[in-house]
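Worksheet for the structure shown next.
The values are calculated or read from the model by the stated rules, or taken from the named source; none is laboratory data. These numbers come from a predicted model, not from an experiment. All Cβ positions, even for glycine, are placed from backbone atoms using ideal geometry, and neighbour counts span all protein chains on display.
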Amino acid sequence: MIVYICNMNKSSYKTLMQNYSAIKVSGFNDRYLGYEQLKDYLDNNVFPFYSHRVIGQSELKRSIYEVNIGKGANKILIWSQMHGNETTTTKALLDFLNYINLNKNTSFVKALIVKCTIKIIPMLNPDGATVYNRLNAHNKDLNRDAIKQSQSETKAFFKVLNDFEPDYCFNMHGQRTLFSAGKADYPATLSFLSPSIDDDRSVTPTRKVGMQLISAAYEMLQDFIPNQIGRYDDAYNPNCFGDYIQSKDVPTVLFEAGHYQNDYRRNKTRQFVFLSLLKMLDVISGGELSKYNYKTYFDIPMNQKLYYDCIISGAENLYPNDVGIVYKEQLAEESVQFKPVIDALKPLNHFYSHRFIEAKQNKLTINSQSDIKIGDTIEQLRIADQEFDLNV
């Protein structure tokens, strides 16, 4: 099924969501997306249809790829998975490439191709991606290497940036389940940032452009995830790619793919990333930036660290303390497993949880032990005679 959209409007995004199965690339439902998986998919489903090239090698000599769309005047550089364990936005980009290919004869895609040149680096950190690690093979965070440019991946990226001279940059990441959208019981399913260029967090003309693009996506997303969009911390760090690039007068937008209810594999979140990307590109290609007030950006609630994956309250052997549980992600046979770990033993009445268990003054045992400690990995959880399954 091909989803024909000629001109993007409010109903267009609803149609895309209703028919997302026609756009979604199959086979990438797990949180893990390694280098070999991506390479195989690109070889068979992307490279035959798009201009592409190898822009460099990782520290372990894996190829870093670039995919190109269009030949227009508006130049946009997009990169994902510079942290190897942040895969959701990469999958959204694959969905985007699939969407463009399926809809290449529609007026919207034709206009996008004529008015924009889009350069996508789907996996900047293939070594980290292979082992599901934030860091690269030298245990370096690429997103702290903008000034030194000491790593092979960073050098390859900045050569592309300097040669391409983009008008806009989209920096795509993933964030943990602990973030709420403001001080409310709503997960930050998507968070955005127009990065600062100095310690004063000055609102410069370049920053305003990023804010306008984010405002456009924010308004569109109200039909899908109202109250679940956050604004990422804008403390200045010149070692970060976004802050560094924005300081060079290139409008930059940070995407952070977060948690949607009962969506630990982030297949719902990836849809919202796709819609947000499409909206921003539509605004750019249509020359509609002036329609969006940068001040709307400041209406987006700030991310807060107010969530646990699970809270257990009212255990008679722990009173007055609650149990805060977080899931630690572990790679096992090319699949991400979520291991529940005790992260807090204290009153948690000012926190939220994605799952809540009320012990009702019954005894809580973990791994058959009533002596419960922070850092324990939960293999078995019982309250009185009832066992609870924490698998997701």
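Can you list residue pairs whose Cβ atoms sit under 7 Å apart, with the first residue in region 44-56 being farther than 18 Å from residue 117 by Cα and surrounded by 15 or more Cβ atoms within 10 Å (Cβ to Cβ) and the second being at pLDDT 95 or above and of a type in the set (Lys, Arg)? Count only pairs 6 or more apart in sequence or on different chains.
Here the result reads 56/155, each pair linking region 44-56 to a residue that is at pLDDT 95 or above and of a type in the set (Lys, Arg).
So that you can scan it fast, the table gives a plain yes or no per residue for (1) of a type in the set (Lys, Arg); (2) touching a strand residue (DSSP E or B) at 6+ places or on another chain (Cβ under 6 Å); (3) modelled with pLDDT under 95:
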{"position": "199", "(1), (2), (3)": "no, no, no"}
{"position": "208", "(1), (2), (3)": "yes, no, no"}
{"position": "230", "(1), (2), (3)": "no, yes, no"}
{"position": "243", "(1), (2), (3)": "no, no, no"}
{"position": "255", "(1), (2), (3)": "no, yes, no"}
{"position": "259", "(1), (2), (3)": "no, yes, no"}
{"position": "274", "(1), (2), (3)": "no, no, no"}
{"position": "290", "(1), (2), (3)": "no, no, no"}
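Only one of (1) of a type outside the set (Asp, Glu); (2) assigned to a loop (DSSP other than H, G, I, E, B); (3) within 23 Å of residue 133 (Cα to Cα); (4) touching a strand residue (DSSP E or B) at 6+ places or on another chain (Cβ under 7 Å) is not met by residue 195, so which one is it?
With (1) of a type outside the set (Asp, Glu); (2) assigned to a loop (DSSP other than H, G, I, E, B); (3) within 23 Å of residue 133 (Cα to Cα); (4) touching a strand residue (DSSP E or B) at 6+ places or on another chain (Cβ under 7 Å) applied to residue 195, the lone miss is (3).
Quick check on region 168-192: of everything there that is among the aliphatic types (A, V, I, L, M) and out of contact with any helix residue (DSSP H, G or I) (no Cβ under 7 Å at 6 or more places or on another chain), which residue is nearest to residue 93 (Cα to Cα)?
So the first thing to find is which residues in region 168-192 are among the aliphatic types (A, V, I, L, M), and the list is 172, 178, 181, 184, 188, 190.
Filter again for out of contact with any helix residue (DSSP H, G or I) (no Cβ under 7 Å at 6 or more places or on another chain), leaving 178, 181, 184, 188.
Details: 178: 24, 181: 24, 184: 30, 188: 20 Å.
It comes out as 188.
Tell me, which helices (runs of 4 or more DSSP H) lie completely within region 49-154 with 2 or more residues that are under 25 Å from residue 281 (Cβ atoms) and over 19 Å from the mean Cα position of the chain (by Cα)?
Because the criterion is at least 2 residues that are under 25 Å from residue 281 (Cβ atoms) and over 19 Å from the mean Cα position of the chain (by Cα), the helices (runs of 4 or more DSSP H) in region 49-154 that meet it are 88-102, 107-115.
For region 136-156, how many residues meet the condition of being surrounded by 18 or more Cβ atoms within 10 Å (Cβ to Cβ) and touching a Gly at 6+ places or on another chain (Cβ under 9 Å)? I'd like the intermediate steps shown before the answer.
Step one: filter region 136-156 for residues surrounded by 18 or more Cβ atoms within 10 Å (Cβ to Cβ), giving 136-137, 140, 142-143, 145-146, 151-154, 156.
Narrowing the set further to residues that are touching a Gly at 6+ places or on another chain (Cβ under 9 Å) leaves 136-137, 142-143, 146, 152-153, 156.
Residues in region 136-156 being surrounded by 18 or more Cβ atoms within 10 Å (Cβ to Cβ) and touching a Gly at 6+ places or on another chain (Cβ under 9 Å): 8 in total.
Considering only region 182-189, I want to know if a residue exists there that is over 17 Å from the mean Cα position of the chain (by Cα), modelled with pLDDT of 95 or more and acidic (Asp, Glu).
So far as region 182-189 goes, yes, one or more of its residues are over 17 Å from the mean Cα position of the chain (by Cα), modelled with pLDDT of 95 or more and acidic (Asp, Glu).
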